[in-house]
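Below is one structure, written out as structure tokens; the observations come after it.
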Amino acid sequence: MTVILVPAHVPAFRTLESTPARALTFATDLRAVTVGVKDVQGWAEGIAAPAWQGDTAAAHDHAATRFARRLDNAEAALDRAVTAADRFEARLTILSSLRLRLEEERRAVNGDATTLRADVTASGSAATEAEIAVLQRRGERLMTRATTVIAEIEEWVRRYDDTEADFIAALAGVDTLVEGRLAAEDPGRVDVGPLVERFDSLRGDPERLNAWWLSLTRAQRAALSTEIPHRVGNANGIPARDRDEANRAALTSDLDYWAQRDGDSQLSGEERSAAENAAHIQEQIDEYRAELDPLTGRELLHLLVYAPGSHSGDGAVAIAFGDPDKADHVSVNVPGLTSETSSTDGNLDKTHDLHRAALDEDNGSVSSIYWLDYDAPSGNPIKPWEIPDLGGVALTVKADAGGERFADFIDGLRGSDEGDRAHLTAIGHSYGSTAVGHGLQDGAEVDDAILIGSPGQPESTAASLTDADVWVGSKDHDPVSLLGSGDRGGVGALGHDPAADDFGGVRFETGDGSLRIEDLLGNHTSYFEDESLDNMAHVVADNDHLVTEQPHRGEDGGGHLTLSELLAASTGASVLDGVGTAGEWLWEHSVLGGIL
């Protein structure tokens, strides 16, 4: 009787308690605690030498110094714990990626074994010697595969257990007062003072800062990230992963601090505004927490800029889907009018839509960044005190300043880029496209530039603006996109129309949008949809040959509606019940180059 060996079912992995996402959350919380302790320790040192004299002053100095010393012990212990948490998360990320591969092979072996059993049963006693020999060879190969994957899973479990044990031992090594004091007195302890000085001296030079940062030990980087988290997290040239970790620590620490101040009725108006901005950012992190980057296995979202109190209280934020330092294709999306930290959710959703569309291009890994680190014109026109800020949309001052900051951010991405040079695309929408134009004029080093719904560019041609390929999305029924054309042959207040034939960009297909006046705003805000989104994804993923084009304004002698003509035509096309909506739209946008 011939025996054909078929491997038994390879059992599934056991349920895991430690995951990269949980480890990252723990590390973030631990960093936030460390940041808080360091802040209090610095405060205690600052008050240790009072200005007055006498016994009371001496007693105060003694108490404050003793308190600061105890906090320093805790700080030293926490620095070690943070370093251990970083290492723990990094090891789990590697193991997580390996687990996915082993799980895929385990399922394949079990599936092939099920198929082989069915084939053996079906062959029965009527099988020929040749058929039996084939089945035997299949069984032998499958037994080898099963033995290999079982051994690899057992080795994986050993490594996983060792990773957990090492982390627990590291935390146990600094969990007493005595161990904290020994950590503080350790001659090998990181001296963070000189590191901070060196860090500050290199800010503004992304390539040198990145090279220096990568030369540091894990402990040195961890100490800096908890000593000056806001500066590390917002420094161009620091790797995206480290910026994310520092910014998350700063965010968590800030929210805890402001919540305590609010509970004590001590929160100032500026602090309340910053706290609300920080809460908006935390909400976005929480919303996308479950999504993982297929390239790195870590959380998909990276917080690259966090400054909730900047830009006159509007705040600053930059969030990346995927790791831009490792991705083949990187895009940076700059929003326009009325954009502030409180509007992050809608703009971030659009960036996420583009990210998924670019991934679907299947032409390499992708990272998509939402960047709002400039003072975009914003405000409510029915609030008189906010009109000056909103009125900035009619001027190029904020676009010019924003373009300079944008160019610096691009320099930072180039400075921290790993491996082969990433294909980088700048995307500007509405007033953000004008800011991007000024950034290109300042020398932002991108490969492609996408200008959508643009009210104007600082140069009359794409060639004079940048060496990058320029792509233009401009709906003829988008009134904002007509501002750059001014009157026939003229130039708008914010510059030149990039959709014009003589500008020299490639105008991709977006459609013209509805002519109804109540839909005009929708035309302006719908570039991240349908064929327009598809074409932007083609550019971002470097599939230029797939882009579908739309005729330029003025191409082959063709004309287009001016802004006043569009408003007149759209009013005629509108229905009576849209008059109220139309009036509201006109009021909200009356500042845009004199629509009213």
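What follows draws every value from the coordinates through simple rules; no lab data is involved. All of these numbers come straight from a predicted model, not from anything done at the bench. As a convention, Cβ positions derive from the backbone with ideal geometry for all residues, glycine included, and neighbour counts pool all protein chains shown.
Go through Lys38/Lys326; Lys350/Lys475; Lys326/Lys475; Lys398/Lys475 and tell me which ones have a Cα-Cα distance over 26 Å in this structure.
Lys38/Lys326; Lys326/Lys475
For a footprinting-style exposure proxy, rank Thr351, Thr121 by other Cβ within 10 Å, fewest first.
Neighbour counts put them in this order, fewest first: Thr121, Thr351.
With charges only on Cβ, +1 for K and R and -1 for D and E, what is the dipole size of the chain about its Cα centre, in debye, rounded to 20?
2000 debye
Between Thr562 and Asp360, what FRET efficiency follows from the Cβ-Cβ distance if R0 is 51 Å, with the result rounded to 0.05?
0.85
Suppose each label sits 7 Å from its Cα in the direction of the beta carbon; what would the Phe13-Ser215 distance come out to in nanometres?
Each label point lies 7 Å from its Cα, and together they span 3.8 nm.
Which of the trypsin sites (Lys or Arg not before Pro) found in segment 217-303 are in a DSSP loop and have at most 16 neighbouring Cβ atoms, other than their own, within 10 Å?
Arg289
Return the FRET efficiency for the residue pair Asp161, Arg117: r is the Cβ-Cβ distance, R0 is 30 Å, and the value is rounded to the nearest 0.05.
The calculated FRET efficiency here is 0.35.
With contacts defined as alpha carbon pairs under 8 Å and 6 or more residues apart, what's the relative contact order of the chain in percent?
10 percent
Note the full-extension length gain between Ala493 and Arg70 as 0.36 nm times their separation in residues minus their Cα-Cα distance, in nm to one decimal.
Between Ala493 and Arg70, full extension yields an extra 146.2 nm.
At a Förster radius of 35 Å, what calculated FRET efficiency corresponds to the Cβ-Cβ distance of Glu287 and Glu185, to the nearest 0.05?
0.20
Counting other beta carbons within 10 Å of each Cβ, put Tyr257, Tyr370 in order, fewest first.
With the fewest neighbours first, Tyr257, Tyr370 line up as Tyr257, Tyr370.
Tell me what the chain gives for mean residue ellipticity at 222 nm when only DSSP H runs of n ≥ 4 count, each as -39,500 (n - 2.57), the sum divided by the residue total, rounded to 500 deg cm²/dmol.
Taken over the chain, the calculation gives -18000 deg cm²/dmol.
List the residue ranges in the chain for DSSP H helices whose C-alpha atoms run 30 angstrom or more along the long axis and whose Kyte-Doolittle average is -0.5 or above.
The answer, listed by residue number, is 20-46, 55-123, 129-172.
Separation between the Ala401 and Thr144 pseudo-spin-labels, each 7 Å from Cα along Cα→Cβ, expressed in nm?
Those two pseudo-labels are separated by 6.9 nm.
Under a Cβ-Cβ cut-off of 13 Å, what is the net charge of the residues other than Leu295 that fall near it, where Lys and Arg count +1 and Asp and Glu count -1?
Neighbourhood net charge equals -4.
Of Val149, Val174, Gly188, which is farthest along the charge dipole of segment 123-199 in the positive direction, counting Lys and Arg as +1 and Asp and Glu as -1 at C-beta?
Value: Val149.
Indicate the gyration tensor shape class of segment 202-305 (rounded, prolate or oblate), computed on the Cα atoms with a ≥ b ≥ c the square roots of the eigenvalues: a/c under 1.5 is rounded; otherwise a/b larger than b/c is prolate and the rest oblate.
Oblate, since a/c reaches 1.5 and b/c is not below a/b.
Please give the residues of segment 214-239, grouped as numeric ranges, whose backbone N is less than 18 Å from a label point set 7 Å along the Cα-to-Cβ vector of Asp205.
Under cut-off, by backbone N: 214-216, 235-239.
Order by neighbour count: Phe26, Phe167, Phe503, Phe13, fewest other Cβ atoms within 10 Å first, most last.
Starting with the residue having the fewest Cβ neighbours, the order is Phe13, Phe26, Phe167, Phe503.
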